[in-house]
Amino acid sequence: MFKNAKWIWPTEKIEKNQRANFFFSAECNKLPDSATLCIACETKYWLFVNGELVVFDGGLFRESIAGCGYFERVDISKYLQIGKNEITVHVWYYGNGGRNNSFCEKPGLLLYCEELSLATDEKTACEIDTAYTQPSDREKTFIYGGNHTVYNAKINPFSLCPKALSNNTRAVVLGEYGDKPWGDLVERVIPPLFFSERTECKAEKTENGYIVSLPYAMHFSPYFKIRAVAGTKIEVHSDRYSVNGGPGDFNSYFGHRAEYTCCDGEQEFEMFDWIFGEKIIFIIPKEVEIIELGYRESGYDSEVTTSFTTDNADVNILFEKCVRTLKVCMRENYMDCPDRERGQWIGDVSVQAPQVVYLLDKNGLLLLKKAIYDFINLRKGDKLVGNVPGDNFLELPSQSLNAISELGMIATYYNATKDKEILALAFEPAVKYLMLWETDKDGVVLRREGSWEWYDHLFNCDKEILNICWYYSALKFAKTMADELGDHRYDTFIQERMTSIEKNFEARYWRGEYSEGYFASGDFVDDRANAMAVLSGLCDSEKYPRIRYLLMSVFNSTTYMENYVLMALCEMGYKQDAFRRMMCRYQPLIHNENSTLWEDFFHLGTRNHAWSGGAASILLRYFAGINADLSIKDTDISPLKQVKCKFTNCNTGETKEIERK
């Protein structure tokens with residue numbers, strides 16, 4: 001795979017936020033049928049062949065399994081020419097970790113191509129790109145990996161394909177394949193990112209520069225072409241540069257920005273990083289002459305294959321915002337938000353998972369499968385944690401239970417694909433995790449704090465009941481996994497726990513004699529807890545009318561748990577009530593200026609949050625009638641008058657048109 005290739009860097013003097021360029025030459029007497037580069041780097045790379053951009057933002061964040069990273073194969077044959085070929089790799093070493101990546105103590109590039117006889121070693125031409133300098137201490141981001149991009153064109157005028165300043169610099173060998181800190185390498189399991197051509201756009205003049213309004217929220221890299229005098233300073237960021245904390249978190253967090261120092265005359269610059277937003281803010285002095293302003297879009301390469309329209313304009317807007325929210329919360333991993341954290345919070349992924357199945361092509365499933373592998377392979381002992389890969393992992397027991405429950409990402413993926421490889425991977429770790437819960441004298445599980453005993457944001461969260469319901473649902477899916485795999489080692493444990501919960505739940509928590517619903521104390525009744533009592537199967541159908549009343553009069557849930565409240569109403573048969581509640585609660589998100597959905601029903605966090613898009617899967621499952629296994633069922637669509645849906649099965653590629661009246 002890498003044969004004689006070695007991990008290299010231009011210098012032994014390693015700094016965080018360091019960038020380097022590597023230069024390779026290859027002679028071709030005839031064009032090969034294939035020419036595959038095997039590439040691994042720490043942390044990200046941009047690949048150019050004969051001056052043409054071939055890979056934008058390549059590389060996957062470590063880890064694949066503990067201590068190990070990724071490599072990828074890139075066939076560059078179609079970019080080659082007869083005679084001399086120039087291959088350039090620009091590598092950005094983050095030198096930090098965050099909620100989406102793990103810190104690696106050394107940078108490096110490892111490259112091999114058998115067809116072109118290329119291998120990284122001490123003879124490789126390379127250099128530190130000294131035009132990239134360190135940012136000031138102002139507003140550094142520490143939540144996700146990387147840093148601000150600071151470029152000084154006086155040191156080296158920018159060129160899209162980096163040019164060598166010296167032909168004499170040769171690489172320093174830092175290690176062999178398999179050495180620490182890089183470890184063994186696993187082949188990239190998801191497709192390369194897509195990236196567009198540069199898009200020139202109109203800009204609105206402002207007091208400090210220019211604003212470009214994008215067609216929708218996206219991942220983008222800004223660029224500009226200007227005339228200026230040396231030393232002039234330009235700054236670029238997005239409208240989401242400063243972001244609020246989540247509900248209850250009153251801090252502000254910052255994203256990445258670009259800072260550029262001009263050389264003399266006409267020049268251009270493109271940010272070798274991506275930022276997120278719906279607008280680009282160019283802070284440019286008035287004396288600078290603007291030739292062109294624009295951006296390059298990039299993102300995870302997965303197509304939306306399902307359309308959904310109704311007679312209700314607000315429903316259509318909501319659906320489109322769900323789709324856009326899902327798309328911007330995908331890249332190297334599923335993420336909660338692309339502007340504040342970029343972390344793979346596992347509760348968010350469980351809300352995203354049905355949308356992935358219903359909305360996206362096979363590539364969407366590949367990223368979901370990777371999320372499951374991350375969750376299982378990067379567990380900490382028997383603890384299943386969220387925010388992996390990443391240095392800031394946490395165990396939120398409610399989210400980990402969700403992920404292994406009948407409602408979570410593993411069950412959703414399996415129901416759609418019947419991929420038993422995932423069950424074989426997850427079964428034993430799931431059971432071992434369930435064994436961490438202690439029980440009381442009656443055998444009912446007690447709450448587990450983990451790193452953060454979180455069930456939803458804000459008010460009146462009945463943690464005791466939610467803990468039991470999520471746990472019971474996870475036990476049920478563990479039993480399903482055991483049956484599907486024919487692995488009955490843990491049957492006694494699973495059945496005893498299920499029986500003790502079933503025996504005690506009703507007597508302990510039903511308060512129907514003087515109120516309505518399940519609750520653990522006399523202080524409040526929680527819509528989330530009662531919805532989960534329904535979805536877990538612990539609530540019998542005779543109580544549905546009383547739970548219905550509760551779910552139409554109590555509104556504690558944020559957009560995360562609202563998904564499960566709406567699902568519970570639909571599962572009980574009250575689709576009209578589910579629709580009314582959904583449209584009531586989502587009104588502020590439908591009628592705002594954003595193309596994505598806020599973190600909550602009021603602007604208390606990010607303006608685009610993964611867990612907010614559950615309405616799309618509610619509409620597709622209960623109104624279009626797409627089952628969890630991707631079959632089509634007959635369904636009524638009340639109170640809508642008309643539903644049209646064009647649905648493509650992400651497994652088979654078969655397309656069906658559904659029309660309900």
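In the stretch 492-549, how many are of a type in the set (Ser, Thr, Tyr), touching a Cys at 6+ places or on another chain (Cβ under 9 Å) and under 12 Å from Tyr472 (Cβ atoms)?
Qualifying residue count for the region: 1.
Failed condition for Tyr253, given (1) in a strand (DSSP E or B); (2) closer than 28 Å to Glu332 by Cα; (3) open to solvent by less than 50 Å² (accessible area, probe 1.4 Å), with all others met?
For Tyr253, the exception is condition (3).
Looking at the stretch 294-308, can you tell me whether even one residue there is open to solvent by 40 Å² or more (accessible area, probe 1.4 Å) and without any contact (Cβ under 8 Å) to a residue 40 or more places away in the chain?
No, every residue in the stretch 294-308 fails to be open to solvent by 40 Å² or more (accessible area, probe 1.4 Å) and without any contact (Cβ under 8 Å) to a residue 40 or more places away in the chain.
Restricting the search to the stretch 447-482, which residues are over 20 Å from Val534 (Cα atoms) and not basic (Lys, Arg)?
Of everything in the stretch 447-482, those that are over 20 Å from Val534 (Cα atoms) and not basic (Lys, Arg) turn out to be Glu449, Gly450, Ser451, Trp452, Glu453, Trp454, His457, Leu458, Phe459, Met481, Ala482.
From the set of residues in the stretch 473-516 that are under 23 Å from Val554 (Cβ atoms) and of a type in the set (S, T, N, Q), which is least open to solvent (accessible area, probe 1.4 Å)?
The residue in question is Ser473.
For Arg511, which of the numbered conditions (1) under 32 Å from the mean Cα position of the chain (by Cα); (2) among the charged types (D, E, K, R); (3) under 19 Å from Cys539 (Cα atoms) fails to hold?
Evaluating Arg511 over (1) under 32 Å from the mean Cα position of the chain (by Cα); (2) among the charged types (D, E, K, R); (3) under 19 Å from Cys539 (Cα atoms) leaves (1) as the failure.
Report yes if Ala628 is touching a Ser or Thr at 6+ places or on another chain (Cβ under 8 Å) and small (Gly, Ala, Ser), otherwise no.
yes
Keeping to the stretch 524-557, report how many residues are free of Cβ contacts under 8 Å to residues at least 40 places away in the same chain and either of a type in the set (Asp, Glu) or touching a Pro at 6+ places or on another chain (Cβ under 9 Å) (or both).
The qualifying residues number 3.
Among the numbered criteria (1) modelled with pLDDT of 95 or more; (2) open to solvent by 30 Å² or more (accessible area, probe 1.4 Å); (3) of a type outside the set (A, V, I, L, M, F, W, C); (4) over 35 Å from the mean Cα position of the chain (by Cα), which single criterion is violated by Asp523?
(1)
If Ala125 passes every condition in (1) within 34 Å of the chain's Cα centre (by Cα); (2) at pLDDT 95 or above; (3) more than 22 Å from Arg296 (Cα to Cα) but one, which one does it miss?
(1)
Residue check: is Arg528 closer than 21 Å to Ile404 by Cα, within 26 Å of the chain's Cα centre (by Cα) and open to solvent by 10 Å² or more (accessible area, probe 1.4 Å)?
Answer is no for this residue.
For the stretch 554-661, please list each of the helices (runs of 4 or more DSSP H) lying entirely inside it that holds at least 1 residues being open to solvent by 10 Å² or more (accessible area, probe 1.4 Å) and over 26 Å from Leu366 (Cα atoms).
559-571, 575-585, 587-590
Inspect all residues belonging to the stretch 310-317 and state whether any of them is charged (D, E, K, R), over 28 Å from Lys644 (Cβ atoms) and surrounded by fewer than 20 Cβ atoms within 10 Å (Cβ to Cβ).
There is no residue in the stretch 310-317 that is charged (D, E, K, R), over 28 Å from Lys644 (Cβ atoms) and surrounded by fewer than 20 Cβ atoms within 10 Å (Cβ to Cβ).
For Leu110, which of the numbered conditions (1) in a loop (DSSP other than H, G, I, E, B); (2) over 30 Å from Arg340 (Cα atoms); (3) open to solvent by less than 30 Å² (accessible area, probe 1.4 Å) fails to hold?
(1)
Restricting attention to the stretch 6-42, which residues are within 20 Å of Tyr132 (Cβ to Cβ), part of a loop (DSSP other than H, G, I, E, B) and not basic (Lys, Arg)?
Within the stretch 6-42, Pro10, Thr11, Glu12, Ile14, Glu15, Asn17 meet the criteria.
For the stretch 413-465, what are the residues that are within 19 Å of Gln495 (Cα to Cα), open to solvent by 40 Å² or more (accessible area, probe 1.4 Å) and touching a Ser or Thr at 6+ places or on another chain (Cβ under 9 Å)?
Thr439, Asp442, Leu446
Residues checked against (1) out of contact with any Phe, Trp or Tyr (no Cβ under 6 Å at 6 or more places or on another chain); (2) hydroxyl-bearing (Ser, Thr, Tyr); (3) farther than 22 Å from Val351 by Cβ:
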| position | (1), (2), (3) |
| --- | --- |
| Ala424 | yes, no, yes |
| Gly443 | yes, no, yes |
| Tyr455 | yes, yes, no |
| Asn467 | yes, no, no |
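Considering (1) touching a Leu at 6+ places or on another chain (Cβ under 6 Å); (2) among the hydrophobic types (A, V, I, L, M, F, W, C); (3) surrounded by fewer than 20 Cβ atoms within 10 Å (Cβ to Cβ), say which one Phe71 fails and leave the rest.
Status for Phe71: all satisfied but (3).
One residue is enough: does the stretch 294-317 have a residue meeting the conditions charged (D, E, K, R), in a strand (DSSP E or B) and in contact with an Asp or Glu (Cβ under 6 Å, 6 or more places away or on another chain)?
No, every residue in the stretch 294-317 fails to be charged (D, E, K, R), in a strand (DSSP E or B) and in contact with an Asp or Glu (Cβ under 6 Å, 6 or more places away or on another chain).
Would you mind stating whether Asn608 is in contact (Cβ under 8 Å) with a residue 12 or more places away in the chain and either touching a helix residue (DSSP H, G or I) at 6+ places or on another chain (Cβ under 7 Å) or under 23 Å from Gly408 (Cα atoms) (or both)?
Judged against the criteria, Asn608 is a match.
Among all residue pairs at least 6 apart or on different chains, which show Cβ distances below 7 Å where the first residue, located in the stretch 121-135, is touching a residue at least 40 places away in the same chain (Cβ under 8 Å) and farther than 11 Å from Val172 by Cβ and the second is outside any loop (DSSP other than H, G, I, E, B) and hydroxyl-bearing (Ser, Thr, Tyr)?
Tyr132/Tyr151
Among (1) part of a loop (DSSP other than H, G, I, E, B); (2) surrounded by 14 or more Cβ atoms within 10 Å (Cβ to Cβ), where does Lys202 come up short?
Checking Lys202 against (1) part of a loop (DSSP other than H, G, I, E, B); (2) surrounded by 14 or more Cβ atoms within 10 Å (Cβ to Cβ), the one that fails is (2).
Just to be sure I understand, how many residues within the stretch 220-241 are open to solvent by 10 Å² or more (accessible area, probe 1.4 Å) and either in a strand (DSSP E or B) or not basic (Lys, Arg) (or both)?
Counting residues in the stretch 220-241 that are open to solvent by 10 Å² or more (accessible area, probe 1.4 Å) and either in a strand (DSSP E or B) or not basic (Lys, Arg) (or both) gives 12.
Give just the number: which of (1) open to solvent by 40 Å² or more (accessible area, probe 1.4 Å); (2) within 23 Å of the chain's Cα centre (by Cα); (3) among the polar types (S, T, N, Q) does Asn101 not satisfy?
Unmet for Asn101, out of (1) open to solvent by 40 Å² or more (accessible area, probe 1.4 Å); (2) within 23 Å of the chain's Cα centre (by Cα); (3) among the polar types (S, T, N, Q): (1).
Do the conditions hold for Val212, that is, is it at pLDDT below 95 and in a strand (DSSP E or B)?
It is false that Val212 is at pLDDT below 95 and in a strand (DSSP E or B).
Which residues, counting only those in the stretch 111-147, are touching a Cys at 6+ places or on another chain (Cβ under 9 Å) and on the phi > 0 side of the Ramachandran plot?
none
Could you list all residues from the stretch 43-61 that are open to solvent by less than 20 Å² (accessible area, probe 1.4 Å) and either assigned to a loop (DSSP other than H, G, I, E, B) or not hydrophobic (A, V, I, L, M, F, W, C) (or both)?
Thr43, Lys44, Tyr45, Asp57, Gly58, Gly59, Leu60, Phe61
The values are calculated or read from the model by the stated rules, or taken from the named source; none is laboratory data. Since the model is a prediction, treat every value here as computed from it, not as a measurement. As a convention, Cβ positions derive from the backbone with ideal geometry for all residues, glycine included, and neighbour counts pool all protein chains shown. Please note that ligands, DNA and RNA were not included when accessible areas were found on the heavy atoms of the full protein model with its side chains. Shrake-Rupley method; radii C 1.70, N 1.55, O 1.52, S 1.80 Å.
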